[in-house]
Amino acid sequence: MEQFSLLRRKKLILKFTPLSVALEALAFAALIAGMLAVDRFYPALPETVPTAFAADGSALAWGVKETTLLHAILSLFVYIILTALNFIVRQSCPPDRPLPVLRIVLDAVAAAKTLFLAHQAMLTWCALRLQPAPRWPLYALIAAEAAVCAVTALLIRKTVSEA
């Protein structure tokens, strides 16, 4: 009896669509924007910087200037992991999976990654300029993520019902 092996299973390659490429490019641009902010403003920071702000903009806590690098480091980590996941999944699709649904999910993850990296770039910019981050981008990010989830659910439902 032949053993079942996932490694010897036939696999399909899910090609990138123009939307997928655009989302990946936007995510990369947001990552670069955060890194450019670090390159531009980090050397001029004082050794002690505010690390938390009150609603009125006054500093609540202080720390070493290296704490301002956390947003850029987190952005890089998220970008590498989610981009690698996108490429790995696209290169090894099992033939028995519904590829249109998988494409929708991968594009939704890429959109969420783009939104997260844009938000992190804005936080990096504010931290390096020693300014409190405004609250409206956080609310806009939450609304955009909710919209991505809703559109993804609708597209999946439509795709499944058509099949």
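Among the residues of segment 63-112, which ones are within 20 Å of Val38 (Cβ to Cβ) and either among the charged types (D, E, K, R) or outside any helix (DSSP H, G or I) (or both)?
Gly63, Val64, Lys65, Glu66
Restricted to segment 30-46, and to residues that are touching a helix residue (DSSP H, G or I) at 6+ places or on another chain (Cβ under 7 Å) and small (Gly, Ala, Ser), which residue is surrounded by the fewest Cβ atoms within 10 Å (Cβ to Cβ)?
Ala33
Among the residues of segment 57-115, write down those that are of a type in the set (Asp, Glu) and more than 30 Å from Cys126 (Cβ to Cβ). If you could, list the steps in order and put the result at the bottom.
Going residue by residue through segment 57-115, those that are of a type in the set (Asp, Glu) are 66, 96, 107.
The answer is Asp96, and nothing else.
Given (1) at pLDDT 85 or above; (2) farther than 21 Å from Met35 by Cβ; (3) of a type outside the set (Lys, Arg), identify the lone condition not met by Leu115.
(2)
Take Leu60 and decide whether it is aliphatic (A, V, I, L, M) and either at pLDDT 85 or above or closer than 30 Å to Leu99 by Cα (or both). Reasoning before the result, please.
Values: aliphatic (A, V, I, L, M): yes; either at pLDDT 85 or above or closer than 30 Å to Leu99 by Cα (or both): no.
So Leu60 does not fit the description; no.
List every residue pair whose Cβ atoms lie under 6 Å apart, where the two residues are 6 or more positions apart in sequence or sit on different chains, the first residue falls within segment 1-30 and is at pLDDT 65 or above, and the second residue, located anywhere, is assigned to a loop (DSSP other than H, G, I, E, B) and surrounded by 13 or more Cβ atoms within 10 Å (Cβ to Cβ).
Every condition considered, the pairs that remain are Lys11/Ser92.
Failed condition for Leu130, given (1) part of a helix (DSSP H, G or I); (2) on the phi > 0 side of the Ramachandran plot, with all others met?
For Leu130, the exception is condition (1).
On the given criteria, is Val101 more than 17 Å from the chain's Cα centre (by Cα) and exposed (fewer than 15 other Cβ atoms within 10 Å of the Cβ)?
On the way: more than 17 Å from the chain's Cα centre (by Cα): yes; exposed (fewer than 15 other Cβ atoms within 10 Å of the Cβ): no.
No.
Examine segment 135-145 for a residue that is of a type in the set (D, E, K, R) and surrounded by fewer than 12 Cβ atoms within 10 Å (Cβ to Cβ), and state whether such a residue exists. Even if it seems obvious, please write down each step before you answer.
Within segment 135-145, the subset of a type in the set (D, E, K, R) is 135, 145.
Next, from what is left, pick out any that are surrounded by fewer than 12 Cβ atoms within 10 Å (Cβ to Cβ): 135.
Yes: segment 135-145 contains one or more residues that are of a type in the set (D, E, K, R) and surrounded by fewer than 12 Cβ atoms within 10 Å (Cβ to Cβ).
The values are calculated or read from the model by the stated rules, or taken from the named source; none is laboratory data. From a predicted model like this one, the values you see are computed outputs, not experimental measurements. Virtual Cβ from ideal backbone geometry, glycine too; neighbours counted across all protein chains shown.
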